[in-house]
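FYI, it's all coordinate maths here, none of it is from the lab. Please read all numbers here as calculations on a predicted model, not as lab measurements. Because the Cβ atoms are built from the backbone with ideal geometry, glycine has one as well, and the counts that use them run over all protein chains shown.
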Protein chains: 2
Amino acid sequence: MAKSAAVLSASAKGARVTISDVAEALSLTKSTVSRALNGYPDISQSTQLRVKRMAERMAYQPLSHAQAIKTGRTRSLGFVLQLADHDAQRPFLAEFLAGLSEGATAQGYTLTVASADNEEHLIETFQTLLRDRKADGFILPRAMVDDPRVKLLRKADVPFVLFGRQFDPEGCCWFDIRGEDAMRDAVLHLAGLGHRRIGFINGGTIYSYAKLRREGFEDGMAQAGLTLEPELMRENAVTMEEGERAGASILDASDPPTAIVCAVDQTALGVYRAAHLRGLVIGHDLSVVGYDGIKEGAHAQPPLSTFVVDNRASGVALAGLLIRRIRGEPTVQLRKTSLAHFVNRGSTGQNTRHE
Amino acid sequence: MAKSAAVLSASAKGARVTISDVAEALSLTKSTVSRALNGYPDISQSTQLRVKRMAERMAYQPLSHAQAIKTGRTRSLGFVLQLADHDAQRPFLAEFLAGLSEGATAQGYTLTVASADNEEHLIETFQTLLRDRKADGFILPRAMVDDPRVKLLRKADVPFVLFGRQFDPEGCCWFDIRGEDAMRDAVLHLAGLGHRRIGFINGGTIYSYAKLRREGFEDGMAQAGLTLEPELMRENAVTMEEGERAGASILDASDPPTAIVCAVDQTALGVYRAAHLRGLVIGHDLSVVGYDGIKEGAHAQPPLSTFVVDNRASGVALAGLLIRRIRGEPTVQLRKTSLAHFVNRGSTGQNTRHE
DNA sequence: AAGCTTGCCGAAACCGGTTTCGGAAATCAG
DNA sequence: CTGATTTCCGAAACCGGTTTCGGCAAGCTT
């Protein structure tokens, strides 16, 4: 049949099959094919179907660059690596990126990665990417309380999604894991083990998660009927060293805690060290709960009880949300949260101190 | 002046400045401008200069997609994440990606990241990327001895560069760190401390680095006048667990070694554990040398002596090589190696066993 | 049956570049 | 001074799509 022959010659040629090939195979013009594929209302149902079927058969895939030159959209998601906070990002990055690209690929999108070493450079990077239309929208990891990226993109009216929440939600979409729930549950878990003096080591307060986790901790304490002790609470610790320092200063308090909740696993490992140096046995003299689920925690002695977050899934979710945002869905529908999963590994135990 | 006015109106409009804007500002046609910028010989020196100056002044930047539709090249480098070997990649990935994107950005290129979960999917991912012209070439991390990616890209005649070497170098460019030199130096260092029975735990033999590092170890042993003891040598350990198992079986040998060289830091940390369980003090009863320079090594007790590699710099180098390859330089010029840097942190010591 | 919509598609312009082709002006040879 | 080359640039086609515009034919009025 003539049709099959046309299909064959087009695909056998080795080169890409273009919209003109599809049009020719159907004796239509490429403009009709284009409108049919894009669902324009002035193409009859039957023609639309014929075109779609043929496009499918010929494995036609529009060339995104060719579309981009007219439409301005490339079908690509932008991600800007920030090199400054490498400590915070390192473990999480690989899984997260994998999730992003998985989510993007699933819908025919591509992931474009750029990097910036400082904040000034960061804005510049976004602007270049935008000007050259390298990305239709952006994924912003680590939402900050006062986020320059949000300001820029909001003003430029460019689609973006945050990993983390924004307190001024205008124009913002996000995916986040409810760390506040985890912190609350951590406190309740410890309270259930008889702990009454519970310390808290929070993460970087420039990030919005820190405020939330702190609130979660405070909520938990209130629910457990415990009073907050400012001398047992610290902010801005994200590395193991900072965790060790914070832990040390808490453990050296006049009336030290029997348990410490850490907003970040790395700092929990620092607390391990501070405890060891003081001859305290984790899980017995001192209970510790972390958050993140980093691999090192599972290998610590004793293994760290923590809230595991699925970074891969977060990436997939964010890619999906961003694509929906790019396609024009209102921001309000595009705010999702999920929960971290508590893994009780043995760094917590019954309160052994009698008061 | 008319010229300034034209420049102003073009750039003030807010929209991108196109090649036509430049042409208009100079009262030339866009074809002339295009050829001038691309160095065609049929444009006079003076015109070429005028055009380049004006393009500079107007901050004209060709739209890569627009170019791509005719030239087929997008000015973008492809990188496919393999999810299978996440353990091996995780720590290294963030720095490496940062380097890649830094190197790409420096030359006006962009980095496109995709992912694949298994080998079948991997090939498919490359093909899709190629078919849709998402990348002009690829960076292949972790060169394998028998590398399916190399086969595919060689056959498709697509530019690519390897992180790691290839024993059949046809059509291959690479950047690599000479792990064999590090392994040799590790042995010589240990021999200098009086060690005569030295164990070796190699990494994954599917990767080309393993063969090289093994040869380096053997070279070092030969240079030190020591004989190889197969019962003290193991292959295919990349995780801490595998390192622990390998270390345990070596330490349980009839005549155990006083030092162990590990091709991968993770496994060295596993050896730490195996040693602890046997009551051996690292740095005293057993010397250990690693390779990679992972952060956990610096925090181990005692800190792990290791060969630090600069993954960021490797990324920058590879991006640069790939761009040169894309621009047509012959592969032979594009093979570079560099050295790892030994950091002596205290996990090695004088041989204390008297024989 | 004439006049008006409406549905549906082709023709053509356009997006922002690259590349081929041809021809005018300037240079050279004789 | 004429004829043949060069030199250098403009005109136009092209890449693979999208989008505007206009017109034909069928269906509806009245």
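A few points about this structure:
- Three-way shape call for the range A:102-182 based on the alpha-carbon gyration tensor, with the a/c threshold at 1.5: oblate
- Relative to one another, the C-alpha centroids of the range B:219-243 and the range A:104-174 are positioned 48 Å apart.
- Within chain B, percent of DSSP bridges classed antiparallel, to nearest 5: 10 percent
- Taking the convex hull of Cα positions in the range A:51-171, its mean projected area over all directions (nm²): 8.9 nm²
- Each label point was placed 7 Å from the Cα along the Cα-to-Cβ direction; for A:Ser31 and B:Glu119 their separation is 5.1 nm.
- Taking B:Ala15, B:Ala59, B:Ala300 in turn, the Gaussian network model of chain B (Cα-Cα springs below 10 Å) assigns the largest fluctuation to B:Ala15.
- The distance linking the range A:176-202 with the range A:263-315 is 13 Å (Cα centroid to Cα centroid, whole angstrom).
- Using a 7 Å projection from Cα along Cα-to-Cβ, the label point at B:Ala222 is separated from the same position in the remaining copies by 7.3 nm, smallest value first.
- Estimated at 0.36 nm per residue, the fully extended path between B:His299 and B:Gln223 surpasses their Cα-Cα distance by 24.1 nm.
- Sorting B:Cys173, A:Cys262 from the fewest to the most surrounding beta carbons within 10 angstrom yields B:Cys173, A:Cys262.
- Taking a ≥ b ≥ c as the square roots of the Cα gyration tensor eigenvalues, the range A:254-321 comes out prolate, since a/c reaches at least 1.5 and a/b is larger than b/c.
- Candidates B:Tyr40, B:Tyr207, B:Tyr272, ranked by Gaussian network fluctuation over chain B, Cα under 10 Å, top entry: B:Tyr40
- Stokes-Einstein translational diffusion, chain A - Kirkwood Rh over all Cα pairs, 0.890 mPa s, 25 °C, in µm²/s: 107 µm²/s
- Global geometry of the range A:179-309, whether rounded, prolate or oblate, following the gyration tensor of its Cα atoms and the 1.5 cut on a/c: rounded
- Note on the protein assembly as shown: semi-axes of the ellipsoid equivalent to its C-alpha gyration tensor, largest first and rounded to whole Å, are 49, 35, 24.
- One residue of chain A places its C-beta nearer than any other to the axis carrying A onto B; that residue and its whole-Å distance are A:His65, 2.
- Other protein chain Cβ atoms within 10 Å, averaged over every residue that makes up B:107-114: 6
- With neighbour counts taken as other beta-carbon atoms within 10 Å, the residues A:Glu218, A:Glu329 rank, fewest first, as A:Glu329, A:Glu218.
- Residue exposure sequence - A:Lys295, B:Lys70 - by fewest surrounding Cβ within 10 Å: B:Lys70, A:Lys295
- Sorted from shortest to longest, the distances between the B:Glu120 label points of this copy and the other copies are 5.3 nm, with each point 7 Å from Cα along the line through the beta carbon.
- Pseudo-label separations to other copies for B:Pro41 - Cα-to-Cβ vector, 7 Å, nm: 5.9
- Student exercise, the range A:205-355 dipole from Lys, Arg, Asp, Glu Cβ charges, in Debye to nearest 20: 860 debye
- Chain B: most fluctuating residue of B:Leu251, B:Leu100, B:Leu37 per GNM, C-alpha cutoff 10 Å: B:Leu37
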